[in-house]
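The values are calculated or read from the model by the stated rules, or taken from the named source; none is laboratory data. These numbers were taken from a predicted model, which means no experiment stands behind them. A quick note on method: Cβ atoms are made from the backbone with ideal geometry, for glycine too, and the neighbour counts reach across all protein chains shown. Surface accessibility is based on the protein's heavy atoms, side chains included, excluding ligands, DNA and RNA. Shrake-Rupley method; radii C 1.70, N 1.55, O 1.52, S 1.80 Å.
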Amino acid sequence: VPIGDRVAKRGLNEFNAALERLGVPHSLRLRDNEFPTNKLAVWFKDRRSGTLVRPGGVGSGVAQVIPVIAACEFCGDRTLVSIEQPELHLHPRLQANLGEYLVEATRSSRTAPLIVETHSELLILRVLRMIREGKTDPSKVAVYYVGDTSEGPQITRMRIDANGEFIDEWPAGFFEERLDELF
């Protein structure tokens, strides 16, 4: 992702603030004229230990969330942003935080509308909690389930009430797995 120039122009502090809101224990550092290429290099600084590491040293989940933040913070309000499985390889707490971050990002005047494809129950549960707590309006959130039928894919909108509860019943295999495992 060619974020170097955009991040430098918009401010590295904004980018790192987004990482902190997500609960990522690293901040982004850019180093100019990096040997041997003399180009801008991306590093991460561990906020706990102060250690500088390359993107491969922070875990694939943290590295994968960088393009998500870049899209939300720097794409502008006129581009539709589509994000596929942003929760991959993220710690469960970060998955939930990501749901909150995405909702908050859509409130910004500079953020485009988001389409997020996810399998993360935790991400969805955090969005529902934000509705329940009055932090977002259910009319600002649309959840669609895509399922296979003998006639091809079927898309079903899953309506949400003001209490952050699904009005429509989920198809088998979603949100009931936890109960099956517990009992």
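Before moving on, here are some points about what is shown:
- Residue within the range 53-74 that is crowded, with 16+ Cβ neighbours inside 10 Å, of a type in the set (Asp, Glu), assigned to a helix (DSSP H, G or I) and modelled with pLDDT under 90 present: yes
- Residue count for the range 145-170, restricted to those that are open to solvent by 70 Å² or more (accessible area, probe 1.4 Å) and assigned to a loop (DSSP other than H, G, I, E, B): 8
- Of residues in the range 118-144 being assigned to a helix (DSSP H, G or I) and of a type in the set (Lys, Arg), the one surrounded by the most Cβ atoms within 10 Å (Cβ to Cβ): 126
- Which listed residue is open to solvent by 10 Å² or more (accessible area, probe 1.4 Å), under 23 Å from residue 142 (Cα atoms), out of contact with any helix residue (DSSP H, G or I) (no Cβ under 7 Å at 6 or more places or on another chain) and outside any strand (DSSP E or B), from 78, 48: 78
- Residue match in the range 1-20 (condition: assigned to a strand (DSSP E or B) and either at pLDDT 90 or above or more than 22 Å from residue 99 (Cα to Cα) (or both)): no
- Within the range 84-102, being buried (at least 17 other Cβ atoms within 10 Å of the Cβ) and either hydroxyl-bearing (Ser, Thr, Tyr) or closer than 21 Å to residue 146 by Cβ (or both) holds for 86, 87, 95, 98, 99, 101, 102.
- Near pairs, Cβ below 6 angstrom, 6+ apart or cross-chain, from the range 39-66 (of a type in the set (Gly, Ala, Ser)) to any residue that is assigned to a strand (DSSP E or B) and surrounded by fewer than 16 Cβ atoms within 10 Å (Cβ to Cβ): 41/31; 41/34
- Any hit, the range 102-117, residues being modelled with pLDDT under 85, in a helix (DSSP H, G or I), under 18 Å from residue 17 (Cα atoms) and among the acidic types (Asp, Glu): no
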